[in-house]
Amino acid sequence: MLKHVKGSLLDTVFYTGVKKVIILFTVFILFLYLYSFKASAIKLKEYRSGLLIVWLSVAIIPFVIGLLKATTNVPCPCDSILFGGNYPYINVLDSMPQEILKKFKCYPAGHASGGFALMSLFFLFKSRRNKILALTVALTIGWSMGLYKMFLGDHYLSHTIITMLLSWLLILIIKKVVNKYCKL
């Protein structure tokens, strides 16, 4: 397992840096969405619903995943005795032994949720080529973030897979709601 060193190149690229870039990107998407209402933004108007889907996805998905992390009480691999931690291995659906008072926040993978929220870019673009490219880039970002946290011992593979699937499900729900209620 890697050791997480704040300020290191790996931390900057796969943790703090990528989070900051996603936040800046979200602000940019919101700006474009709001600007699309300007009369002179004729070309941008046709992307308005896609911009809203992306902005809502990047805002909502990490929030929902964070709520799940706060309630599931699942230890990280590095917490397990199997991997040098102090606690027994506990499955996602197992009850926490009463003698363990610590609250764990490891499941699902919160860090990767920001990257996987970018899968919503699929609904921003019109051409099949651009949709596939956007989805590929988003999956690459989400998986690189997720793999980094797995290498640190903070997540199992299943945590990242579940985060990816939940993110896609939430994106589909957001798309449905935007298409139904936001006649732009």
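The values are calculated or read from the model by the stated rules, or taken from the named source; none is laboratory data. Every value quoted in this text rests on a predicted model; they were computed, and no experiment measured them. Cβ coordinates were reconstructed from backbone atoms using ideal geometry, including for glycine residues, and neighbour counts include every protein chain displayed. Protein only, heavy atoms only, side chains kept; ligands, DNA and RNA dropped before computing areas. Shrake-Rupley method; radii C 1.70, N 1.55, O 1.52, S 1.80 Å.
Remarks
- Filtering region 166-184 to residues that are touching a residue at least 24 places away in the same chain (Cβ under 8 Å), assigned to a helix (DSSP H, G or I) and farther than 16 Å from Gly115 by Cβ leaves Ile174, Lys175, Val178, Asn179.
- Val64 vs. criteria open to solvent by less than 90 Å² (accessible area, probe 1.4 Å), modelled with pLDDT of 95 or more, part of a helix (DSSP H, G or I) and more than 22 Å from Lys126 (Cβ to Cβ): yes
- For region 86-133, a tally of residues being touching a residue at least 60 places away in the same chain (Cβ under 8 Å), in a loop (DSSP other than H, G, I, E, B) and among the aliphatic types (A, V, I, L, M) returns 2.
- Scanning region 135-165 for residues that are β-branched (Val, Ile, Thr) and free of Cβ contacts under 8 Å to residues at least 12 places away in the same chain, we see that the one that is surrounded by the most Cβ atoms within 10 Å (Cβ to Cβ) is Ile161.
- All of (1) in a helix (DSSP H, G or I); (2) over 30 Å from Ala134 (Cβ atoms) hold for Thr26 with one exception: (2).
- Scope region 79-91; condition open to solvent by 50 Å² or more (accessible area, probe 1.4 Å) and farther than 14 Å from Ser158 by Cβ; matching residues: Ile81, Leu82, Phe83, Gly84, Asn86, Tyr87, Pro88
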